[in-house]
Every structure is written in structure tokens, then in C-alpha cells.
């Protein structure tokens, strides 16, 4: 595939949706780019780094990236394999109405004052279902607009405050841990292994990660694995093999984790996407 591929999924007067795939061949920083409009990016496959000046953030399925119109940025791909994202652009009046004041910069034009926000399993499932339905032409514009406005409103809504003691160096450490886990998603990491790679103590690393991200290392990695499953389940014929590939101990372990995170089994999710997903029920223990 080309290094960069963009597919238009929806265009209405209030919202535009694009599906973006990147081969991720450039390990170092790209030339500086500039966003033409303020928009949100929901990565669902792979990981990369976005650099804005001296600041950087990890882009992965546990985050929504916030891009500002006219703001320069660079991208690098320390983790091989490429990435894919759903890009959502709202009209300025709607975005101003949806975005909490605490997230907006103080300058005159519309813009966010941070690079990303963490999202949870519910938002991941909604992004995946919307993407699959748009790609297959199963969502009418009004339905898609309503779902997108609700999604954006929820992910931009009140967030759990981060402790004042979260320093830039601690955030960089946590970003390194994220990239390490993303580099080998199926691996069953131990704290000792992560500490050896990071050069720190397991206790400090776990405390720092929880402080910055608001959840444990394991829960974070589990969310990444389940987000990858949302991408692969619709076309999957062997869920047992998929479960092992994603690092789950068994078919039943995967199905239970999927159900706990998203409220239903992989089969139910697959059938909810409509025709073309097959009828094979591959869940265990339903």
C-alpha cells in the first residue's frame, strides 16, 4: 500500500470523517505538517508519536488525538507495523459548543490546549462500530452525525483530574512504557521485564503509570489488545487463533474480557455490524 492512504467516509455540512492508514516506514520525525482544520483523530491500530514543538504524545487506541488548525506538528514511528485511524472534523460552531472551556486554548481562534485525551472501552467500541458501518454503507448520514456528535461530546467531557505531581519527565517515562508494550502487543509482560527495559524499579513504574494514565499497566495493555480485536473480529474465522495472537491465554479468556469491556460477546458485536459479517458464532461459553 502507499505510505499514506486516506478514504473519505462521510461529508455533511457539520461533520467530515476520513479513514487514514499509514505504512509507518519513517522511524524518525517527518517534515513538519500543518493541520488545515481543528479535528480529532481516533487511532485504532498501531502506534506512533506526534511531536508539537518540544512536546510529544503517544498515539494509540487508548487515546483521541486533538489537532489544531494552523499548528505545526511532526510524526515518527518508533514501533513498526504502521497505523490506522478514524479522523473526525466538526464545524467550528459545533466544536465550540461541545468542547469544555478547560480544554480550549486562551487564544482567539478555536484550539485545544493539550495533545490528547485517554478514552475507554465504550468509546473504542463506538468508534469501531461507526467505522465498520460507514465503510460498508450501513449508516445513514443523520444516524452517523448523531453518533459522532454524541461520541465527541463524551470524549471531550469532564475528565478525571491529573495530580499536580505529574511532571514532564514522568509523562515521557510513561510514554516509553506505552511504546514498549505496543511494540509486542501479544507478549505477556512482567513488571520485572518492563523495569529492565526502562531502567527503573517496578514499584516506581507502576505508580507513575497509574498516576499519569489513571489505570494500571495491565489494564492499559488489555484495552489495546481489545481495541485491536474490535478491528479484526468482523473478518475473523478463527477466534481461538486470534485470541492467542493477541496475547490472551485462551478463547474463553478473550471472550470474557471482550464481554466485560464492551458489554457483549465478539459474536454479538460482529452480528451488530449488519450483513457481510457472516453468521458463524465463534464465542465460547455463551
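Assorted remarks:
- Here the helices (runs of 4 or more DSSP H) wholly within the stretch 213-262 that include at least 1 residues being farther than 25 Å from residue 19 by Cβ and under 19 Å from the mean Cα position of the chain (by Cα) are 217-232, 251-262.
- Test: residue 130 is outside the structural domain of residue 257 (by TED's automatic domain parsing) and farther than 18 Å from residue 20 by Cα: no
- Helices (runs of 4 or more DSSP H) fully within the stretch 131-211 that include at least 3 residues being touching a residue at least 60 places away in the same chain (Cβ under 8 Å): 141-155, 168-182.
- Index of the failed condition, residue 230 passing every other in (1) out of contact with any strand residue (DSSP E or B) (no Cβ under 6 Å at 6 or more places or on another chain); (2) farther than 30 Å from residue 265 by Cα; (3) in contact (Cβ under 8 Å) with a residue 60 or more places away in the chain: (2)
- Any hit, the stretch 19-28, residues being over 26 Å from residue 221 (Cβ atoms) and crowded, with 19+ Cβ neighbours inside 10 Å: no
- Residue list for the stretch 104-128, filter: part of a loop (DSSP other than H, G, I, E, B) and touching a helix residue (DSSP H, G or I) at 6+ places or on another chain (Cβ under 8 Å): 110, 113, 114, 119, 120
The values are calculated or read from the model by the stated rules, or taken from the named source; none is laboratory data. Not measured: the values here are computed from a predicted model. Cβ: placed from backbone, ideal geometry, glycine included. Neighbour counts: every protein chain shown.
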